[in-house]
Amino acid sequence: MKFDSVIIGGGVAGLSCAIRCAEAGLKTAVIAAGQSALHFSSGSIDVLSRLPDGQPVANPFSAFDELKSQSPEHPYSKLGEKATRDALDWYQAMMEKCGVYLTAQEDEANHLRVTPMGTFRSTWLSQQTVHQFPLKDVAKGLNSVALVTIDGFRDFQPKLSADNLAKLPQFKDVTITTAAVDLPDFETMQRNPCEFRSIDLSRVLRDETKLCAFAKSLIQHVGKADLVILPSIFGNGDGAATIKLLEGLTGFKICEIPTMPPSLLGIRLEEAMKSHFKALGGLILAGDEVKRGEFEDGELKRIYTKHHHDMPLVADNYLIASGSFFSRGMSAQRHAIEEPIFGLDMTDLPHRDHWYQPEFFAKQSHPFLKMGVTCNSQLQPSINNQSISNLYCAGALLAHYDPVFEGCGSGVAISTGYHVAEKMIKAQHQTTEHAQQERTIA
Ligand SMILES: Cc1cc2nc3c(=O)[nH]c(=O)nc-3n(C[C@H](O)[C@H](O)[C@H](O)COP(=O)(O)OP(=O)(O)OC[C@H]3O[C@@H](n4cnc5c(N)ncnc54)[C@H](O)[C@@H]3O)c2cc1C
């Protein structure tokens, strides 16, 4: 099977690259072994919330110079501010075409999103159904907030969130209430507690009669509130539309928050991207896994997968975006860390005692989170210090940044994925032009 570009990994980095390539007319395939980190994510796009030294960041792009001086090897430092901005602008516009509206604050500052624990996390782009709490005046415009769950749903505990919210000085004048609303069909669903997850609830709420009954019950339980916070229990594709309908039925302003996995807010992004890629003519080999590759003269020539172990996939250019430890893009033994497909060069490894901070909730980054594949300024990895000219790397597999501590996970994944796509498109155009010139001469 021959392609212009082959992408290893179906997370936000791989899919961003694949969609951009397919938009430019490149014959593109994605191999995705399993679920991506989006199934666990808030569905908001973090760009940069903290510098490596721990300083909080209010406006991500104005912190790029300082980031470069603190961390010259950071993926953003390799890309620069303009390329990162271009990638995020493209992503926002592309997702809008897919019906997923992601917005930032008008002044380009980060905003806060409320977590299921009733704490806040800084982020840059959020879906339209997520309330953007301003960084400076968090409770602005809010006199009363209701945190509501479905009676019997285990993956969101509003009382816990309410207790934490009430502790914040900014919320001292805000009335915080909680409620557990009944859901039609709950009795039948409760027979098997394993099936009573956000995704099961979303199937029930897709039925308009049941949504109306839920709306009625919501009004009865909540009474009056400036903001009603609900767990994300609304469908992947039509979730935002269902919430708009519910807002119309109740008159409430509703804010979704992510639940324990599966996180419908994140899955919504992944499904929109996958559908868009397929509509552009892209191929996804879902559930398949790249096992190895063959190299000749400093180039990756072909790769073999679990399901195609004797029929290689061949491409002009390849991207590896197989994620971090979490997605098995990297694996750790007691004293070693490796990238398991090609054995790419990794960051130097300190003694195991220095892989993590002594305390889990430490004030500094856990060093293992910055471990990963090292690349040159073109995002090309190497094997035994030899760069591979047609292989690129993007997303959580990259070294020298901490997506959790710095709050930059999806931002790095999107911008590096997009940046690699631009390189692949340019290379493809050069090859086509070269072939045309040769034909003309002949
Ligand atoms: C629990 C959690 C919550 C997070 N929440 C947020 C958030 O709210 N906002 C935010 O901005 N960032 C968040 N992040 C960070 C961010 O989601 C990640 O940095 C980003 O999604 C990484 O994307 P990726 O495409 O690089 O990797 P991943 O999403 O990990 O995708 C890697 C893909 O590669 C596939 N793969 C692995 N090996 C192979 C192989 N051999 N062959 C084929 N496929 C393979 C995997 O199955 C997977 O599909 C979160 C991260 C985690 C872990």
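Can Ser62 be described as among the hydroxyl-bearing types (Ser, Thr, Tyr), without any contact (Cβ under 8 Å) to a residue 60 or more places away in the chain and open to solvent by 30 Å² or more (accessible area, probe 1.4 Å)? First the steps, then the outcome.
Working: among the hydroxyl-bearing types (Ser, Thr, Tyr): yes; without any contact (Cβ under 8 Å) to a residue 60 or more places away in the chain: yes; open to solvent by 30 Å² or more (accessible area, probe 1.4 Å): yes.
Here the answer is yes, as Ser62 does meet what is asked.
Examine the stretch 222-243 for a residue that is aromatic (Phe, Trp, Tyr) and in a helix (DSSP H, G or I), and state whether such a residue exists.
Kept after step one, since they are aromatic (Phe, Trp, Tyr), are these residues of the stretch 222-243: 234.
Still in the running and in a helix (DSSP H, G or I): none.
For the stretch 222-243, residues aromatic (Phe, Trp, Tyr) and in a helix (DSSP H, G or I): absent.
Any chance the stretch 261-284 includes a residue that's of a type in the set (Asp, Glu), part of a strand (DSSP E or B) and either away from the ligand (no atom under 16 Å from the Cβ) or without any contact (Cβ under 8 Å) to a residue 60 or more places away in the chain (or both)?
First, pick out the residues of the stretch 261-284 that are of a type in the set (Asp, Glu): 270-271.
Pick out the ones that are also part of a strand (DSSP E or B) and you get none.
No, the conditions are met nowhere in the stretch 261-284.
Which of the numbered conditions does Lys253 fail, given that it passes all the others? Conditions: (1) surrounded by fewer than 17 Cβ atoms within 10 Å (Cβ to Cβ); (2) in contact (Cβ under 8 Å) with a residue 40 or more places away in the chain; (3) more than 30 Å from Ala213 (Cβ to Cβ); (4) away from the ligand (no atom under 16 Å from the Cβ).
(3)
Within the stretch 313-327, take every residue that is at pLDDT below 95 and surrounded by fewer than 18 Cβ atoms within 10 Å (Cβ to Cβ) and give me the one that is farthest from the ligand (Cβ to nearest atom).
If we take residues in the stretch 313-327 being at pLDDT below 95 and surrounded by fewer than 18 Cβ atoms within 10 Å (Cβ to Cβ), then Phe325 is farthest from the ligand (Cβ to nearest atom).
Can you name the number of the only condition in (1) within 15 Å of the ligand (Cβ to nearest atom); (2) touching a residue at least 60 places away in the same chain (Cβ under 8 Å); (3) not in a loop (DSSP other than H, G, I, E, B) that Ala22 fails?
(1)
Among the residues of the stretch 69-110, write down those that are closer than 22 Å to Glu256 by Cα and in contact with a strand residue (DSSP E or B) (Cβ under 6 Å, 6 or more places away or on another chain).
Matches in the stretch 69-110: Gln92, Met95, Leu102, Ala104, Gln105, Asn110.
Of the residues that sit in the stretch 338-355 and are within 30 Å of Ile19 (Cβ to Cβ) and touching a helix residue (DSSP H, G or I) at 6+ places or on another chain (Cβ under 8 Å), which one is most open to solvent (accessible area, probe 1.4 Å)?
Just the residues of the stretch 338-355 that are within 30 Å of Ile19 (Cβ to Cβ), to begin with: 338-347.
Within this subset, residues satisfying the condition of being touching a helix residue (DSSP H, G or I) at 6+ places or on another chain (Cβ under 8 Å) are 339, 347.
Numbers: Glu339: 1, Thr347: 28 Å².
This residue is Thr347.
Read through the list (1) of a type in the set (S, T, N, Q); (2) surrounded by 17 or more Cβ atoms within 10 Å (Cβ to Cβ); (3) more than 10 Å from the ligand (Cβ to nearest atom), then give the number of the only condition that Thr305 fails.
With respect to (1) of a type in the set (S, T, N, Q); (2) surrounded by 17 or more Cβ atoms within 10 Å (Cβ to Cβ); (3) more than 10 Å from the ligand (Cβ to nearest atom), Thr305 is out only on (3).
How about the stretch 217-245: which of its residues are under 20 Å from Leu102 (Cα atoms), open to solvent by less than 50 Å² (accessible area, probe 1.4 Å) and of a type outside the set (Val, Ile, Thr)?
Leu227, Leu230, Pro231, Ser232, Phe234, Gly235, Asn236, Gly239, Ala240
Anything in the stretch 27-52 that is part of a strand (DSSP E or B), more than 9 Å from the ligand (Cβ to nearest atom) and in the same structural domain as Glu289 (by TED's automatic domain parsing)? List them, or say none.
Thr28, Ala29, listed by residue number.
Would you kindly identify the strands (runs of 3 or more DSSP E) lying entirely within the stretch 69-163 that contain at least 1 residues that are open to solvent by 20 Å² or more (accessible area, probe 1.4 Å) and in contact with a His (Cβ under 8 Å, 6 or more places away or on another chain)? Break it down into steps so the answer makes sense when it comes.
Details: elements: 111-114, 120-123, 144-150.
Here the list reads 111-114, 120-123.
Residue-by-condition table, conditions (1) surrounded by 15 or more Cβ atoms within 10 Å (Cβ to Cβ); (2) part of a helix (DSSP H, G or I); (3) in the same structural domain as Ile229 (by TED's automatic domain parsing); (4) at pLDDT below 85:
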position: Ile176; (1), (2), (3), (4): yes, no, yes, no
position: Leu183; (1), (2), (3), (4): yes, no, yes, yes
position: Glu187; (1), (2), (3), (4): no, yes, yes, yes
position: Cys194; (1), (2), (3), (4): no, yes, yes, yes
position: Thr209; (1), (2), (3), (4): no, yes, yes, no
position: Cys212; (1), (2), (3), (4): no, yes, yes, no
position: Ala215; (1), (2), (3), (4): yes, yes, yes, no
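The values are calculated or read from the model by the stated rules, or taken from the named source; none is laboratory data. Predicted model only: the values in this text are computed from it and were never measured. So basically every Cβ, Gly included, is an ideal-geometry build from the backbone, and we count neighbours across all protein chains shown. We work out accessible area using only protein heavy atoms, side chains counted, and drop any ligands, DNA or RNA first. Shrake-Rupley method; radii C 1.70, N 1.55, O 1.52, S 1.80 Å.
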